[in-house]
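Values quoted throughout were computed directly from the atomic coordinates according to the rules given, and no laboratory measurement underlies them. Keep in mind it's a predicted model, so treat the numbers as computed, not measured. Please note: Cβ atoms are built from the backbone with ideal geometry, for glycine as well, and neighbour counts cover all protein chains shown.
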Amino acid sequence: MTSPRCILTTASADEHQSIVGEDHFLTFYAKGSRCWIERGDRREELQGNPFVLLRQLLDEYRASPGGAIGAFSYDLKDWIESSESKAIDDLDLPQIAFQFFRRLEKRRMDEFQSSDWVGEPAEGRGRGFPSRGYRCEVNSSMSPRFGSLRSNFSREQYLQSVNEVIELIRAGDIYQANISQRFECDFDGDPLALFTRILDLGPAPMMAYLAFPEFTLISQSPERFLKRTGTAVETCPIKGTRPRGKNPAEDEKLKHELWTSEKDNAELAMIIDLMRNDLGKLAIPGSVKVADPKRIETYANVHHLVATVTAQVLPDVKSLDLIKACFPGGSITGCPKLRAMEIIEEIEPVKRSFYTGSIGYVRFNGDFDFNIAIRTLIATKRKLYFNLGGGIVVDSDPQKEYEETLHKGASLMKLFDV
């Protein structure tokens with residue numbers, strides 16, 4: 001079996017470092033109630049609640065210094081909510097995949113050296129990226145090659161779906177729902193080369209590269225789902241997007257438009273309330289706070305409205321229970337969350353898999369940090385998949401919503417010269 005590799009990179013205003021797994025010793029997978037553990041060539045089959053089994057496995061190593069790096073599929077919501085699933089599971093990937101390491105090392109991007117990653121200095125690009133970035137060397141014969149890009153929605157079908165959601169909102173069925181379209185193409189080459197190319201195109205605060213034998217995840221996510229340090233917890237939902245301007249004056253105009261937009265501010269406020277409610281399920285009463293109600297974060301191709309909500313939990317609250325209580329993130333489902341997820345199932349023809357799930361790490365001591373897996377590529381069976389979507393509210397303009405999905409994916413689209 002191919003040795004798994006993974007790296008989580010941070011490229012924000014106050015952080016530009018990597019979390020790297022060292023000395024891998026097992027991998028945990030789950031699909032519904034079927035779970036399995038791989039230790040080298042040995043495989044152990046298990047049956048049960050995947051969250052409970054993963055939590056028990058993490059607890060076995062609580063006194064150890066390492067941790068696990070991996071991903072939760074969005075489709076775990078079927079297990080959490082016991083909801084009926086209508087969409088087709090065409091990718092048939094695990095819903096949980098975590099690699100366990102004896103050490104999780106923090107490294108600056110410009111200091112990174114490891115037996116799996118040999119690199120040379122490269123000029124970093126994008127907001128907050130260090131002046132000495134890092135480019136991994138890859139075999140040029142394995143450079144990414146792509147087939148034609150296609151979506152599972154035509155433009156007209158996506159506009160129709162937006163109108164369907166607007167009608168449900170007007171009928172009082174829901175306040176907001178996040179609808180996405182999925183792109184795919186044939187893919188050949190080294191996924192690691194694809195990751196380094198994306199780093200050059202536009203680093204993001206919560207990037208990830210996770211290689212498993214059957215699939216690879218490459219995430220350019222800007223959004224934090226949930227972070228825990230000791231008893232402190234925070235989430236940083238994103239709502240509201242504008243493209244970057246062609247010049248500084250236009251860029252400032254677009255930022256001002258985003259800052260003052262009633263629609264975008266209302267969406268952000270709605271998701272803040274949803275995440276406050278989710279955190280409140282396990283937080284110490286009275287500890288949930290809106291630490292930052294609104295700020296603009298700027299990336300290579302877009303501006304976003306972002307908030308920060310914090311809470312305190314008791315030391316004995318299990319990290320997996322906390323993740324489960326908030327999963328999936330409210331910013332990529334809608335409000336109310338359960339009904340929004342039902343509508344997503346009715347409108348989107350295929351399951352999301354790891355898109356809008358979460359990628360990150362959990363240390364054996366319980367600390368963790370996970371992204372919202374947006375702007376995330378799934379490479380499997382010589383194909384590449386990624387979704388682009390947005391939140392629909394009552395005053396949404398279908399054409400603008402469609403265009404916003406493309407703005408969000410602009411840096412990914414550059415891979416395909418689109």
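Assuming 1.567 mPa s and 4 °C, estimate D for region 264-320 with Stokes-Einstein, Rh taken as the Kirkwood radius over Cα pairs, in µm²/s. List each step's numbers first, then the result.
Working: Rh = 12.7 Å.
Answer from the Stokes-Einstein relation: 102 µm²/s.
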Requested in this report: Would you order 150, 363 from fewest to most other beta-carbon atoms within 10 Å of each residue's own beta-carbon?
Outcome: 150, 363
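Output the pairs from 246/383; 86/400; 263/289; 246/351 with a Cα-Cα distance over 31 Å in this structure; if there are none, say none.
Distance filter (> 31 Å) returns 246/383; 246/351.
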Report task. Give the Rg/Rh ratio for region 153-290, taking Rg as the radius of gyration of the Cα atoms and Rh as the Kirkwood radius, to two decimals. Result -> 1.01
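Starting from the Kirkwood radius over alpha-carbon pairs of the chain, derive D by Stokes-Einstein at 4 °C in a medium of 1.567 mPa s and give it in µm² s⁻¹.
Rounded to a whole number, D works out at 60 µm²/s.
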Query raised in the report: Ranked highest first by the average count of other Cβ atoms within 10 Å around their residues, in what order do 71-77, 401-407 fall?
Result: 71-77, 401-407
Query - Rough spin-label spacing in nm, given labels placed 7 Å along Cα→Cβ, for residue 86 and residue 416 - result: 2.6 nm
Query raised in the report: Cβ under 9 Å from residue 307's Cβ, residue 307 left aside: what net charge do those residues give with Lys, Arg +1 and Asp, Glu -1?
Result: +2
Query raised in the report: When the Karplus curve 6.51 cos²θ - 1.76 cosθ + 1.60 is applied with θ = phi - 60°, which whole-Hz ³J(HN,Hα) does each residue of region 163-177 get, with x for Gly and Pro?
Result: 4, 4, 5, 4, 5, 5, 5, 5, 7, x, 7, 6, 9, 7, 9
